[in-house]
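A short reminder: the numbers here are calculations on the coordinates, not readings from a lab. What you see is a predicted model; the values in this text were computed from it and never measured. Cβ atoms come from the backbone with ideal geometry, glycine included; neighbour counts cover every protein chain shown.
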Amino acid sequence: MKGRNTFKIPASLAKLSPREEFWREKQHFLLTRGYKLRPRYHPDWKPSWNTEVEYDIWPEDAFVYHPRSYMIDATRMSDGKLVQIRRVYAGDTESSICNELSKYADDKNHAIPVLDYFKNPTEPYLAFMVVPFLRQIDDPPFETVGDVVDFVSQILEGLVFLHDYGLVHGHCTYENLAMDTSGLYPKGFHPIKTDMLPDSYTPVAPLPRSGQPIRYYFTNFKKSVWRSSPGARKTVLSAVSGKARHEPDKAPRNHHTDQMKSDVEMLGHVLQNQLYSRYSNLEFLKPLIDQMVIEDLRNRSSSKQALIQWSTIKESLSWPRTKRRLRSRQRSSVFRAIYITMESLLQYSLGGALRWRASLAFT
């Protein structure tokens, strides 16, 4: 098309990589389980493009899902929902934890939910875990103060749930926090070209985050450890659900308590680096962050203490304040510099004008 840049599709994409070949081999089996892979991974796939021809639109079947070799995007045939399928070792730490946590339908449970789990028929030591297709917490970006308030509320209550359940996450970093954005994209989005519809070439913009049902999750439980036995965990779960009363955090301070406070510290750094340091009108986060990242474990907040402190802070925020748009610190600095420069120029100009008028008065 005239006026548009054209390009050739790399010849290397016309052939599946070894890690992609695994998923092509499993395509039919996954289809029998109700999950459809994209055309690229069908056994009879042939590239829809010619490597010698120039194109102005990237072909859909040239997109490679490459974040990790052990996962792939898929469509759940029953409802058209975009999901992610992960290849795991049957009974490994992460899948066991996720499966156990998924048994409990509690609003405070923010562990990534397992939608389906089944063994690999040809390699019984392998299994497939199906989870929602999630995106990073700032993709698309936070827009208002209220968006941040919602995120902090959900993620802190989720950490308290894990700790009450006797689980140390062990890696509460930005990379291991995610959100379900399906409410922001009623018509869906492409799993790789996420700013496009599923067809991969029609642009799509998300709905405003405010007012949409966004759910935040903890992911990646590979470094997680249990603090309590299965029987104790069952008691704790009953307490969380309100059916019994048990307070595991009243136990004497031990190594696991320290690990739980490490979870708090890591999450505090997420709030510091991803939110407070980026936006100038989130100053109310400072007291919370300070308590979450204190070096001395004895004085650092537990997850429950952090949630209690946050609840007090949250109650102090007026409704109009939560509706304000976030102000970038970088942008604020630029505007402040422009303002100071303009003010200096104005003062200089006024001063010059006054001096000129004074000189006229004495001539």
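Structure data summary
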item	result
Test for E21: is it over 19 Å from T194 (Cα atoms) and surrounded by 13 or more Cβ atoms within 10 Å (Cβ to Cβ)	no
Candidates F161, F142, F133, F151 - the one that is over 28 Å from T312 (Cα atoms) and aromatic (F, W, Y)	F133
Which listed residue, of R76, R86, R33, R38, is touching a Gly at 6+ places or on another chain (Cβ under 8 Å), in contact (Cβ under 8 Å) with a residue 24 or more places away in the chain and either over 22 Å from T202 (Cα atoms) or surrounded by 12 or more Cβ atoms within 10 Å (Cβ to Cβ) (or both)	R76
Single residue of S262, S301 found to be among the polar types (S, T, N, Q) and buried (at least 19 other Cβ atoms within 10 Å of the Cβ)	S301
Those residues of the range 58-86 which are over 12 Å from K193 (Cα atoms), in a loop (DSSP other than H, G, I, E, B) and over 21 Å from the mean Cα position of the chain (by Cα), in sequence order	M77, S78, D79, G80
Cross-chain or 6+ apart pairs with Cβ under 9 Å, the range 100-121 first and farther than 21 Å from Q154 by Cβ, then among the charged types (D, E, K, R)	D116/R33; D116/R76; F118/R33; N120/K26; N120/R87
Restricting the range 98-125 to residues that are of a type in the set (A, V, I, L, M) and in a loop (DSSP other than H, G, I, E, B), the residue that is surrounded by the fewest Cβ atoms within 10 Å (Cβ to Cβ)	A105
Search result, residues across the range 181-219 that are crowded, with 18+ Cβ neighbours inside 10 Å, touching a His at 6+ places or on another chain (Cβ under 9 Å) and in a loop (DSSP other than H, G, I, E, B)	P198, S200, V204
